[in-house]
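The values are calculated or read from the model by the stated rules, or taken from the named source; none is laboratory data. The structure presented is a predicted model; accordingly, all values stated were derived computationally and were not measured. Counting neighbours? That spans all protein chains shown, and the Cβs are built from the backbone with ideal geometry, glycine included.
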Amino acid sequence: MRHGGKAEVTKRSRDLRKVMSPTEVRLWNVLRRNRELHVRKQHPCGAFTLDFFVASRGLVIEVDGESHNRGDRPERDIARDAWLASQGLTTLRIPAIEVLRNLDGVLTQILTAASLPLHHRPTAGGPPPPQSGGGR
């Protein structure tokens, strides 16, 4: 989201933490448990509020609902991502529907983008972990 001055962006970011979308809450509940990521939610950055931010990896995670495909949003997102890139940050855009349909896959995508090992626990209701050992 684009806002005015730093104080205004910080206040808006704090407010957004209290009213996250159900999809953002679902992803946050998984991300906050990962001790390697150290994720911040609704983090102010310049004139923007980032959905999620992994400062140690320079990774911005944006959960995009259907509205990101309408009107001038695609162009605004491109400009925002370009500005973030100019600050040395990488933006990973995740369709909100993917958080609902494939949370384990989304987490794998995030860990890959953050260059972290993929040994996460599947979420409740997700697929069982692969069997190991070859039958001994």
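Worth a mention:
- Among the residues listed as H43, H68, H38, the single one being part of a helix (DSSP H, G or I), modelled with pLDDT under 95 and surrounded by 13 or more Cβ atoms within 10 Å (Cβ to Cβ): H68
- The selection criterion, being over 30 Å from K6 (Cβ atoms), among the hydrophobic types (A, V, I, L, M, F, W, C) and modelled with pLDDT under 95, holds for L111.
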